[in-house]
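Working notes, structure below.
The values are calculated or read from the model by the stated rules, or taken from the named source; none is laboratory data. From a predicted model like this one, the values you see are computed outputs, not experimental measurements. Every residue, glycine as well, gets a Cβ built from its backbone with ideal geometry; the counts of neighbours run over all protein chains shown.
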Amino acid sequence: MRIGAVVQDRLSIVHADEVEAGWVGSDGCSNPLEWIGFNHAALLRRGEELFSTTHGTAHGVVALTGIARSDEAEVVSNMLSRVKRLSSRGKAILSEFVGNIDRFPRRSGRANLRDQRDAGIELMQQQRFAEALPLFLRIIENEPDDWSLHYMAGQCYRFVGDISGAVKCLRTAASLNPSEPQVRLAMGTALKLAKEHGEAIEHFKRAVELDPTLFAAFSGIGDAYLERGQCDEALEWFAKAAEGIVDGVTEEVYRDKERCFMEKCIDGKKTLVLLPYAVEKTHEALRSNPAYAIVKNNMGVCLMGLGELDSARDQFRESVEFIPDGFDYPDPAMHLEDIG
């Protein structure tokens, strides 16, 4: 029996909300550990190599800023002046770098750390977590009290499949900023993947307390209970997640009151009647993100576990209906085949 993963709509750095670790691949770039060390000659070669690629501008800058702490800054500056084909983003980064190159301290400077942080975030946005991770770990050595660095490192560990590393970093992030719901959500997810369901549920519930609209946390609780075989509890939390997702969508759609409602006189009373536009837009909005389809599938799985096959079938059918175009999610269709 397959259990759908919770997918979180990432509105900030990555988020990616929640996708199973392992689907993210690398685009073939070399391991950045080759070029973020203190071997200046290697850094120079790696920087020049990265600048010659279509995607390496930001990473080349990071490689080169490592040299800014040495006496080879002049060499770097000369090399940068030879770079001709850059994206607008790359030009902006280079402009800032060249303008500040003489002010880089010989030891790990703030500007250098900022450049590495920006490059790490950019790599995460490109789903290149294995390359972003060493950057964040290096910055953490200089800024160990920055919760966001531990959070991003933890997410990178998670998506490269190192769950123990993810738990360690995210636990630190949670201790540094216990009131950040996204950290609690990520911590719960990592613990769930580590099969530490009890502690995972605690973090998910804390995330819900901090942000009652964080429906991925509701689903996370349901997942954890389901993996423990507690179908009744899981169904309750999945149902809350589904209800919250629908409420959020309808609230957004219904803001266009003129197109959603019409005032009619029914039995002598003025009544607002829901128009077809509202139903169509709600359906469209729910299909724009896989979260609702996944939650409905998981509700069906719970009902299967409880022996309520007719109700499970209804949930799987609704899940299939709301799978976004182009999103590969065969689970509900497979379950429908299983129960006939």
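Points worth noting:
- Screening Ser288 on (1) surrounded by fewer than 15 Cβ atoms within 10 Å (Cβ to Cβ); (2) in a loop (DSSP other than H, G, I, E, B); (3) touching a Lys or Arg at 6+ places or on another chain (Cβ under 9 Å) shows it passes everything except condition (3).
- Put simply, of Ala216, Ala234 the only residue that is in the same structural domain as Ala186 (by TED's automatic domain parsing), surrounded by 18 or more Cβ atoms within 10 Å (Cβ to Cβ) and part of a helix (DSSP H, G or I) is Ala216.
- Contacts under 8 angstrom Cβ, first residue in region 192-217 being closer than 16 Å to Arg228 by Cα, partner in a helix (DSSP H, G or I) and among the hydroxyl-bearing types (Ser, Thr, Tyr), 6 or more apart: Ala194/Ser164; His197/Tyr225; Ala200/Thr189; Ile201/Tyr225
- The single residue among Leu149, Leu176, Leu137 that is surrounded by fewer than 20 Cβ atoms within 10 Å (Cβ to Cβ), touching a residue at least 12 places away in the same chain (Cβ under 8 Å) and touching an Asp or Glu at 6+ places or on another chain (Cβ under 7 Å) turns out to be Leu176.
- Residues that are among the polar types (S, T, N, Q) and either surrounded by fewer than 21 Cβ atoms within 10 Å (Cβ to Cβ) or out of contact with any Phe, Trp or Tyr (no Cβ under 9 Å at 6 or more places or on another chain) (or both), drawn from region 152-171: Ser164
- So Val249, is it within 25 Å of the chain's Cα centre (by Cα) and either touching a residue at least 12 places away in the same chain (Cβ under 8 Å) or in a helix (DSSP H, G or I) (or both): yes
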